[in-house]
């Protein structure tokens with residue numbers, strides 16, 4: 001091996017030990033043959049050659065950390081659109097975001113068909129108020145093409161100091177023209193359990209905006225208040241909920257299931273990634289009818305909750321097909337404060353249905369009828385109207401109320417849904 005410097009040699013030694021460690025993890029019979037030390041040394045020699053060439057010939061001086069970070073970023077982003085390398089600052093932002101507060105415009109995004117795509121704008125945020133919609137394709141950020149952006153690149157450019165503006169250029173699926181949005185950044189404070197109200201007639205409505213570490217606790221408190229109103233039916237609104245923490249989805253689902261019911265199944269390449277998550281506590285709520293509202297902006301943790309309640313005969317899913325983000329990412333901190341985010345498995349509903357890239361088809365399809373609104377300004381005005389007024393004009397909510405009141409129809413749908421695995 002050519003001379004590359006003591007620091008690089010130490011790095012390669014550490015990397016080698018990590019590779020050997022991963023190779024010793026439990027493997028299924030179909031897993032590829034573990035790499036030998038000779039295989040790893042050969043590939044690392046190529047890597048060292050490239051670093052040596054860059055160090056000696058690149059037009060500008062590059063630090064070892066820049067090269068290593070760049071290599072790790074490229075390696076992970078080449079796997080799939082959800083794997084990636086997080087610098088210390090990016091990892092810190094990720095932990096802040098899952099805690100429920102961060103700076104930016106309020107959009108959850110993914111890479112779909114190699115295009116930066118909106119999963120959903122977070123309710124009440126600048127992006128939501130500006131009229132950004134699920135499945136909008138963002139082709140430019142501040143006039144810079146997003147063609148080769150990673151998720152981290154996109155998030156980094158949309159984040160910024162509160163009060164500053166970012167320009168998003170989007171293409172909308174059902175429209176032929178390109179749209180530009182100038183959005184003013186703000187501190188994004190997400191209240192996970194957004195709304196919890198009694199609609200009258202013994203029916204309650206709960207809106208979950210996303211799944212954070214405190215969502216299950218907040219949901220339980222909201223349900224405690226609603227149960228004092230003699231509730232006989234519940235609407236759980238997961239529309240435009242882009243997901244969040246797996247643990248939160250499992251805990252929230254468990255509030256409505258019997259102890260031991262399957263919530264979600266994960267399947268990966270190695271045995272320890274094949275897991276079955278079950279409800280740990282007996283539901284404190286009666287067996288009243290539940291309708292879960294979903295749409296194309298419902299993703300990830302939202303799809304887990306919807307699938308868990310449906311497959312355990314606990315709810316009917318109503319609305320339109322969900323987004324289809326059903327892969328599990330594991331975030332592993334590294335010694336310098338950076339982190340690796342890697343896709344380790346896929347979600348399956350209790351009946352064995354794969355979610356990823358497929359989504360969940362509702363039991364009752366009801367498309368949302370947008371009130372006659374012209375222009376983005378009218379959309380913003382509509383979204384800022386009082387909740388109960390909006391719900392009375394919401395055809396999906398009204399359809400859910402009708403279904404809850406029609407006991408015979410509700411029961412027949414429950415009986416026809418897929419059954420959970422034994």
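The values are calculated or read from the model by the stated rules, or taken from the named source; none is laboratory data. Note that this is a predicted model, so its numbers are computed, not measured. Note that each Cβ is placed from the backbone with ideal geometry, even for glycine, and that neighbours are counted across all protein chains shown.
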Looking for something at pLDDT 90 or above, more than 27 Å from the chain's Cα centre (by Cα) and assigned to a helix (DSSP H, G or I) - is there at least one such residue anywhere in region 18-37? no
What number of residues within region 251-272 satisfy the criterion of being in contact with a strand residue (DSSP E or B) (Cβ under 6 Å, 6 or more places away or on another chain) and either over 28 Å from residue 407 (Cα atoms) or without any contact (Cβ under 8 Å) to a residue 40 or more places away in the chain (or both)? 5
With respect to residue 203, determine if the residue is assigned by TED's automatic domain parsing to the domain that holds residue 110, in contact with a strand residue (DSSP E or B) (Cβ under 7 Å, 6 or more places away or on another chain) and surrounded by 19 or more Cβ atoms within 10 Å (Cβ to Cβ). no
When residues of region 79-111 are filtered for being more than 26 Å from residue 166 (Cβ to Cβ) and modelled with pLDDT under 90, how many remain? 1
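Is there a residue in region 52-63 that is assigned to a loop (DSSP other than H, G, I, E, B) and surrounded by 13 or more Cβ atoms within 10 Å (Cβ to Cβ)?
Our first condition is that a residue be assigned to a loop (DSSP other than H, G, I, E, B); within region 52-63, this holds for 58-63.
Narrowing the set further to residues that are surrounded by 13 or more Cβ atoms within 10 Å (Cβ to Cβ) leaves 62.
The answer is yes, given that some residue of region 52-63 is assigned to a loop (DSSP other than H, G, I, E, B) and surrounded by 13 or more Cβ atoms within 10 Å (Cβ to Cβ).
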What's the number of the condition residue 163 fails, among (1) exposed (fewer than 13 other Cβ atoms within 10 Å of the Cβ); (2) at pLDDT below 85; (3) in contact with a strand residue (DSSP E or B) (Cβ under 8 Å, 6 or more places away or on another chain)? (2)
For region 74-91, which residues satisfy the criterion of being without any contact (Cβ under 8 Å) to a residue 60 or more places away in the chain and under 23 Å from residue 47 (Cβ atoms)? 74, 75, 78
Considering residues that are under 29 Å from residue 392 (Cβ atoms) and outside any loop (DSSP other than H, G, I, E, B), the number found within region 182-193 is 3
Restricting attention to region 174-186, which residues are surrounded by fewer than 11 Cβ atoms within 10 Å (Cβ to Cβ) and either within 25 Å of residue 210 (Cα to Cα) or modelled with pLDDT under 90 (or both)? 174, 175, 176, 177, 182
When the residues of region 73-83 are narrowed to those that are in contact with a strand residue (DSSP E or B) (Cβ under 6 Å, 6 or more places away or on another chain) and under 18 Å from residue 326 (Cβ atoms), which ends up surrounded by the most Cβ atoms within 10 Å (Cβ to Cβ)? 83
Are any of the residues in region 115-132 at pLDDT 90 or above and either closer than 19 Å to residue 330 by Cβ or assigned to a loop (DSSP other than H, G, I, E, B) (or both)? yes
Counting only strands (runs of 3 or more DSSP E) entirely within region 194-305, those with at least 3 residues that are over 30 Å from residue 172 (Cβ atoms) and over 16 Å from the mean Cα position of the chain (by Cα) are 262-268, 275-278
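For the structure I just gave you, tell me whether residue 217 is more than 26 Å from residue 95 (Cα to Cα) and either assigned by TED's automatic domain parsing to the domain that holds residue 404 or surrounded by 15 or more Cβ atoms within 10 Å (Cβ to Cβ) (or both). So that I can check it myself, show each step before the final result.
Values: more than 26 Å from residue 95 (Cα to Cα): no; either assigned by TED's automatic domain parsing to the domain that holds residue 404 or surrounded by 15 or more Cβ atoms within 10 Å (Cβ to Cβ) (or both): yes.
Taking the combined requirement at face value, the residue does not satisfy it.
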